[in-house]
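The values are calculated or read from the model by the stated rules, or taken from the named source; none is laboratory data. Predicted model, so just to flag it, every value in this text is computed and none were measured. Quick reminder, even Gly has a Cβ in these numbers, built from the backbone with ideal geometry, and neighbours come from all protein chains shown. Just so you know, the surface numbers come from the protein's heavy atoms only, side chains and all, with ligands and any DNA or RNA stripped out. Shrake-Rupley method; radii C 1.70, N 1.55, O 1.52, S 1.80 Å.
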Amino acid sequence: KLPNLGTSYVGKLPTNRTEMWYKFKTLSTDAFYTITVKNLSVPDRIEVYFMDADEDEVARDYYVYKNEQMSTNVKLRNNKMYYIKIVATSSKAGNVKTTVSARKDAIGDTRRKAKALTWKKTLTSSVDGNGDSDFFKFKAPKTRVYTITVKNASCKDRIEAYVTDKYEEELARDYYIYKNEQMSAEIKLTKGQTYYIQVLGVSGTGNYKVT
């Protein structure tokens, strides 16, 4: 068992076709997990399998050679057990380092969990993992044209931004907001209606700003 998320564990993998297993339990809150398995000294390749309690594969790599590693970043279900299986293919033993770290998902990923925005104030939030989807909502105080801005502050990869109404009709979008770039949309909104902004991270982590 891996009792402490974020701590690396080094284990000695025996010879050909033997297995080494780890397990860990996810947090009770939404989070992204980075699972890294590095072949420190096994002369030949190792195989790595990452799966849930039902043995459904989340990720795998058949070819992790000496000094190479498998690393995957994924959002997992809360309060669930997951397993890492490492298989030897070499006739000689060697060491393997395994690390599992968690990063909490700051903003809800559905319209139902959307975070309320405050008028004329900029909110800074973050992309917390590959494919992170963050939702925000607000009500228009008056019927008029509003400027909605989403800026990529520090995400190395692009982010996407969408503005929709309560019927999920798309009012604005930008698929390609690279670091230090922004989407700025001027949209006429109706008083009292609820609108949503979705920010989608493609890969990695980083901050963005919504106004």
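Listed here are the residues, each with its yes/no results for (1) open to solvent by 40 Å² or more (accessible area, probe 1.4 Å); (2) at pLDDT below 95; (3) touching a Pro at 6+ places or on another chain (Cβ under 7 Å).
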| residue | (1), (2), (3) |
| --- | --- |
| LYS80 | yes, no, no |
| VAL96 | no, no, no |
| LYS120 | yes, yes, no |
| GLY129 | no, yes, no |
| SER133 | no, no, no |
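Restricting attention to the stretch 33-51, report how many residues are open to solvent by less than 40 Å² (accessible area, probe 1.4 Å), out of contact with any Leu (no Cβ under 8 Å at 6 or more places or on another chain) and touching a residue at least 40 places away in the same chain (Cβ under 8 Å).
The total comes to 5.
Identify, please: which residue in the stretch 20-32 is hydrophobic (A, V, I, L, M, F, W, C) and either out of contact with any Gly (no Cβ under 7 Å at 6 or more places or on another chain) or part of a loop (DSSP other than H, G, I, E, B) (or both) and is, among those, most open to solvent (accessible area, probe 1.4 Å)?
Within the stretch 20-32, the match that is most open to solvent (accessible area, probe 1.4 Å) is TRP21.
What about ALA153, is it small (Gly, Ala, Ser), modelled with pLDDT of 95 or more and touching a strand residue (DSSP E or B) at 6+ places or on another chain (Cβ under 7 Å)?
For ALA153, the condition - small (Gly, Ala, Ser), modelled with pLDDT of 95 or more and touching a strand residue (DSSP E or B) at 6+ places or on another chain (Cβ under 7 Å) - is met.
Being over 17 Å from VAL10 (Cβ atoms) and assigned to a strand (DSSP E or B) is the filter here, so list the residues in the stretch 68-84 that pass it.
Hits for the stretch 68-84 are THR72, ASN73, VAL74, LYS75, MET81, TYR82, TYR83.
What is the residue count in the stretch 1-19 for residues that are open to solvent by 30 Å² or more (accessible area, probe 1.4 Å), in contact (Cβ under 8 Å) with a residue 60 or more places away in the chain and closer than 30 Å to ASP105 by Cβ?
Of the residues in that region, 6 qualify.
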